[in-house]
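Any read-out appearing in this document is the output of simple, stated calculations on the displayed coordinates, not a laboratory observation. Fair warning: this is a prediction, and the values are worked out from it, not measured in the lab. Counting neighbours? That spans all protein chains shown, and the Cβs are built from the backbone with ideal geometry, glycine included.
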Amino acid sequence: MKHCLSILLFCLCLQTSSSAFSLELIPWDCELDRKAMYLSKLEVFRGNSLVPIQTMESGKLLLHDLKLGKYTITFENQYNQIVKQEHSLSPSMNSLKICVNGFVNTGEKTLIGSLEENKRIDINFKSRGRYHEIEEQLSLSYRDAKIYATLIDYSYNIQRKTLSKEEWDCLVEFEQKVRLIKQFPGGCTTTDNYMFLTGNKVLLKVEDRTCMFLPYIEMKKRLFTVDGK
């Protein structure tokens, strides 16, 4: 009896692993926790084989005839980088959220990543649009082998903290994103300005008039309390 039960369980597992299934792909903005408006150059691979993607009239993205296993999903992010993600898919999944915020480290040297002991960098962020105007400052200092951050937001609230390695990496990524913005033309009614300074010396200045990018908002939400959250 025990032997028969083992065989039955084996057959059920085999049937599950070999059964084809379908799945919906959902582009998801993981920073804002909402469905993303776009996903460019999306491709799905199982090994070296390209998996067809069906686009419905409603805009839904569907995959059919899938098998249990690992898949590679690639797409172009808003910075024109090709992002690669690995996912394990199974028949128990009805949908898969694809985090469109994926970013590829550019390897470019950054001011934040090069901050030296007893030095300080101020990052001034200004955003002006038809219905808003805000100005904030983030100060970073390196003392006693620790990185300290001070944020003064548009309401003049002050937050201070000691940064972890992961938070420091987040800031380096933030600067890399700001540097990439320079390649995109403007035309939007909102203008975001980023200025990196040490003392009164401007080290980096970038103007964004695309209404496409939110690197400062994303970084701020990761590192600090925003609107009580």
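Worth pointing out:
- Overall form of the range 103-191: oblate. Here a/c, set by the Cα gyration tensor axes a ≥ b ≥ c, is 1.5 or more, and a/b is not larger than b/c.
- Checking every one of the chymotrypsin sites (Phe, Trp or Tyr not before Pro) in the range 33-96 against DSSP loop status and a limit of 14 other Cβ atoms within 10 Å picks out Tyr38.
- Footprinting exposure proxy for Met93, Met56 (fewest neighbouring C-beta atoms within 10 Å first): Met56, Met93
- Taking all pairs of distinct alpha-carbon atoms in the chain, Kirkwood radius in angstrom: 20.8 Å
- Within a Gaussian network of the chain (alpha carbon springs, distance under 10 Å), most fluctuating of Pro215, Pro52, Pro27: Pro52
- Degrees, to the nearest 10: 2-18 long Cα axis against longest axis of the chain: 60 degrees
- Neighbour-limited loop hits for trypsin sites (Lys or Arg not before Pro), the range 27-99 (at most 12 other Cβ within 10 Å; DSSP other than H, G, I, E, B): Lys60
- Total lysine pairs in the range 7-157 at Cα distances under 16 Å, for residues eight or more apart or on different chains: 9.
- Total formal charge among the other residues, if their Cβ is under 10 angstrom from that of Tyr148, Lys/Arg +1 and Asp/Glu -1: +4
- Summed side-chain charge close to Trp28 - residues other than Trp28 whose Cβ falls under 12 Å, Lys, Arg +1, Asp, Glu -1: -1
- Straight-distance candidates among the lysines for linking to Lys221, with alpha-carbon spacing under 16 Å and chain neighbours fewer than 8 residues away dropped: Lys161, Lys177, Lys229.
- Loop-located trypsin sites (Lys or Arg not before Pro) in the range 126-212 whose Cβ has at most 10 other Cβ within 10 Å (DSSP): Arg130
- Mean Cα-pair separation over length for the range 121-162, i.e. relative contact order, pairs under 8 Å, 6 or more apart, %: 28 percent
- Summed side-chain charge close to Ile82 - residues other than Ile82 whose Cβ falls under 9 Å, Lys, Arg +1, Asp, Glu -1: +1
- Helix-derived mean residue ellipticity, 222 nm - over the chain, DSSP H n ≥ 4, -39500 (n - 2.57), to 500: -6000 deg cm²/dmol
- Only Lys, Arg, Asp and Glu carry charge here, each on its Cβ (+1 for the first two, -1 for the last two); on that basis the range 37-100 has a dipole of about 160 debye about its Cα centre.
- A simple charge model with +1 on the Cβ of Lys and Arg, -1 on the Cβ of Asp and Glu and nothing else charged puts the dipole of the chain at about 220 debye relative to its Cα centre.
- Fewest-first sequence of Phe213, Phe196 by Cβ atoms within 10 Å of each Cβ: Phe213, Phe196
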